[in-house]
Amino acid sequence: MTTSRGGFAAHVETAVQIEFPNRDALPHRVRLRAFRAAPHVSLVLTLAQLAALAVAAPACAQSPVRGTDPIKPGRIADARHAPPTTSDDGAFLPPNRPNSFRSASKSAGAGTLAAPSEPVAQAMPAPDLNFDGMSTATTTGLGGVPDTNGDVGENHFVQIVNRAYAVWDKSGNQVLAPISEAFPWRNQPDSDDCKTKHSGDPVVLYDPLAKRWLLSFFAFPRDADNNPTPPYSLCVAVSTTSDPTGDWCPNTIPLANITGTDFPDYPKYGVWPDGYYVTLNVFPATGPQEAVFMAFDRMRMLNCQV
């Protein structure tokens, strides 16, 4: 299966490792073949598919030989591949997990189980800096729940709320007043939903590996009653430098081939060397709520390859 958009057509084979704890065998591994649903989307899986894999894997997967891992050849076996152990009463313990109950019972005498020691409470240190972020008084057009989000980089703190973001330096001085979340799309055509139909659920993350910023929200039209309607898009911008007050590389990612007409809610991201990972809650018109997991091509986004 190969999908295309705007003349781009490609597929990518992705190796995914899923470990299933088993008392009698080493973890199984499953290989998946995933296809791009958009130029930046490398992997799309629903939680239902992951659950199906978890059920099917023990029956079809073979235990790998140590030192010949099919995903990472030549990797030396480590603690994660050690056989599981059991406690004195036969209860299952994760591999190489210290058995404090066994040592406690032996030191206290046969048939006696000593209570584990309680952790010592640590006082929370005082903050180095405390200052006000955005508010309805400083952000025009902001209403309802702000969905506040933020992150800290080398020299800046960025706060983003529904439909706006602002930037401070690490001394608490505001260096960019609240501005539309769609600012990175300001030079895009009006037909771009991320420019004209941006709708919040914002996220901002600092990528410490590349010293760049990632900013995201979703976009969609609304009906006469102000309810979301398809088509839905995910808006992801990556800064061109470590300065979040500068230029951005905007990406508008249609979700029609991923969630269809179902509403994609509450996107959340993770930064990893080989990609930007995102999850979405998906609300079908009927039936139970689902979830979607995707991986974006990080290098394409860092290089402004739309």
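Every number here is computed from the coordinates shown, using simple stated rules; none is lab data. Remember, it's a predicted structure, so these values are computed and weren't measured experimentally. All Cβ positions, glycine included, derive from the backbone under ideal geometry; neighbour counts span all protein chains shown.
Values for this structure:
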{"quantity": "Protection proxy ranking of 276-285, 146-155 - average other beta-carbon atoms within 10 Å, highest first", "calculated": "276-285, 146-155"}
{"quantity": "Computed lengthening from Thr136 to Phe293, 0.36 nm per intervening residue step minus Cα-Cα distance", "calculated": "53.2 nm"}
{"quantity": "Whole-number percent relative contact order across the stretch 149-302, with pairs defined as alpha carbons under 8 Å at least 6 apart", "calculated": "15 percent"}
{"quantity": "Residue among Ala291, Trp185, Asn226 farthest towards the positive dipole end of the stretch 180-306, charges placed on Cβ", "calculated": "Trp185"}
{"quantity": "Listed peptides 117-128, 181-192 by packing density, highest first (mean Cβ within 10 Å)", "calculated": "181-192, 117-128"}
{"quantity": "Amide H within-cut-off set for Cys249, under 5 Å, with H built and near neighbours excluded", "calculated": "Val238, Ser239, Thr240"}
{"quantity": "The stretch 270-278 - phi-based ³J(HN,Hα) in whole Hz, Karplus 6.51/-1.76/1.60, Gly and Pro as x", "calculated": "x, 9, 9, x, 9, x, 9, 9, 9"}
{"quantity": "In sequence order, calculated HN-Hα J values of the stretch 281-286 (Karplus, 6.51, -1.76, 1.60; Hz; x Gly/Pro)", "calculated": "7, 10, 10, x, 4, 9"}
{"quantity": "R0 of 30 Å, Cβ-Cβ distance Asn257-Leu209: FRET efficiency to nearest 0.05", "calculated": "0.55"}
{"quantity": "FRET efficiency, 1/(1 + (r/R0)^6) with R0 25 Å, evaluated for Thr148 and Asn227 via beta carbons", "calculated": "0.55"}
{"quantity": "R0 of 30 Å, Cβ-Cβ distance Gln122-Asp274: FRET efficiency to nearest 0.05", "calculated": "0.30"}
{"quantity": "Chain lengthening between Leu129 and Ala285 when straightened (0.36 nm per residue, less Cα-Cα)", "calculated": "51.6 nm"}
{"quantity": "Whole-Hz couplings from phi, Karplus 6.51/-1.76/1.60, listed for the stretch 200-214; x for Gly and Pro", "calculated": "x, 6, x, 9, 10, 9, 9, 9, x, 6, 9, 6, 10, 10, 10"}
